[in-house]
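To start, the structure itself, in structure tokens.
The values are calculated or read from the model by the stated rules, or taken from the named source; none is laboratory data. Since this is a predicted model, take the numbers as computed values, not measurements. Here the Cβ positions follow ideal geometry from the backbone for every residue, glycine too, while neighbour counts run over all protein chains shown.
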Amino acid sequence: MDKKEERSFNKGKRYCLRLLSLRARTEREIEERLKKAGYGDHLTKKILDSLKKEDLVDDLDFAREWIDWRMRENPKGRRLLVEELRKKGIDDRVIETALEEKRVILDDVKIAQSIIENRLSAEDAGKLEKVKAKVFRLLISKGFDPETAESVIRATLD
């Protein structure tokens with residue numbers, strides 16, 4: 001690496017470290033930010049390789065943390081989690097690995113039941129059919145498949 005390339009490398013790496021000090025990022029997010037900042041493919045790859053070597057960028061760790069955060073703050077079904085992680089640029093194999101590791105906290109039925117119970121406490125139980133339809137839409141919007149939503153509603157409300 002010549003002096004000019006080394007200066008650009010160091011500047012790019014410092015830029016990435018500032019980004020990572022704010023929150024964890026995926027490889028694709030870092031790559032997009034570097035390209036947007038004007039770094040070429042060759043330098044972007046070198047910077048990313050350096051960050052990965054130092055364990056500062058790791059898509060599997062990111063996916064694990066995302067799943068934990070999502071289940072703590074605003075639980076979603078497996079389908080929506082996969083969609084969110086794909087949008088972040090995480091490979092399907094990495095997503096599946098993270099989901100498998102987190103399967104204990106990713107029980108769609110338990111999560112859906114919890115969402116229903118929380119919602120029901122705020123609803124008028126006298127309007128059961130409207131409540132069922134509303135809860136069904138809620139569960140679908142939270143990433144649960146229709147079969148899971150239907151069975152959980154039946155088990156919880158009947």
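Tabulated results
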| read-out | value |
| --- | --- |
| Qualifying position, being surrounded by fewer than 14 Cβ atoms within 10 Å (Cβ to Cβ), at pLDDT 95 or above and within 19 Å of the chain's Cα centre (by Cα), among Arg93, Arg103, Arg72 | Arg93 |
| Listing of helices (runs of 4 or more DSSP H) fully contained in the stretch 43-113 that carry 1 or more residues being of a type in the set (Gly, Ala, Ser) | 59-73, 92-101 |
| Evaluation of Ala63 against (1) farther than 18 Å from Ile140 by Cα; (2) of a type in the set (Gly, Ala, Ser); (3) touching a residue at least 40 places away in the same chain (Cβ under 8 Å) (one fails), failing number | (3) |
| Test result for Gly77, at positive phi and either touching a Gly at 6+ places or on another chain (Cβ under 6 Å) or not polar (S, T, N, Q) (or both) | no |
